[in-house]
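One structure is given here, and the rest of the page talks about it.
Laboratory data are not the source of any read-out in this text; all were calculated from the coordinates shown. Remember, it's a predicted structure, so these values are computed and weren't measured experimentally. Cβ: placed from backbone, ideal geometry, glycine included. Neighbour counts: every protein chain shown.
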């Protein structure tokens, strides 16, 4: 783990403290967009910050993005798709109550895959299908679009919203859709029990960091 990643984790710890401490909400809202920007391509924020995603994807071509070396259950392409879907659902739908990014501008047809769930609980065959079929240029563009949408949502949040519960109607909408997929219905219960601040910190931000670490490990395996 390099110095920038270690600094990111330290700031993540501070974000946890701020979200749990009354009176520190504004600091949390200052930290969150910065943390989010660093787990997305630098083009999302254009703020000149270190980008973990840019670092991981540097030098990788189509073969590497679709590769599952050794006993790896996922490819880097699948991880990027999964991160984008989780973020789209939890931020665009659950926090903002907006139509998911994937449902706008023809993303489903552009991605060239039939799956539109979040990927949690997918088996080997499904992971292979997404990995082999997804359009990589569209995938990167979709992830940037989700990142841009989330950034606008984070910048618009008011301090008091961080302590708000998720609207039950949005959880109901989630369960009535195909978003969760078979075996991932439990996520609705988890997300429904969280505050908005929890959704900001975990699925909108930390989730991508964790899977970018996984992607980095896959990259190292391919290089060895």
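Maximal additional length on extending the residue 185-residue 108 stretch stands at 25.5 nm, based on 0.36 nm per residue less the C-alpha distance. Taking the number of Cβ atoms within 10 Å of each Cβ as an exposure proxy, the fewest-first ranking of 83, 18 is 18, 83.
Hull volume per residue, based on the alpha-carbon atoms of segment 24-102 and their convex hull, is 134 Å³. The order of 68, 144, going from fewest to most other C-beta atoms within 10 Å of their C-beta, is 144, 68. Short to long, the 5 Å bins of the Cα pair-distance histogram for segment 3-223 hold 1, 7, 16, 19, 20, 17, 12, 6, 2, 0 percent of all pairs. Computed from the C-alpha gyration tensor, the three semi-axes of the ellipsoid equivalent to segment 153-201 are 22, 10, 10 Å, from longest to shortest. As a rough footprinting exposure proxy, the listed residues 142, 186 were ranked by other beta carbons within 10 Å of their own, and the order from fewest upward is 186, 142. With a simple spin-label model that places each label point 7 Å from the Cα along the Cα-to-Cβ direction, the separation between residue 177 and residue 158 comes to 2.5 nm.
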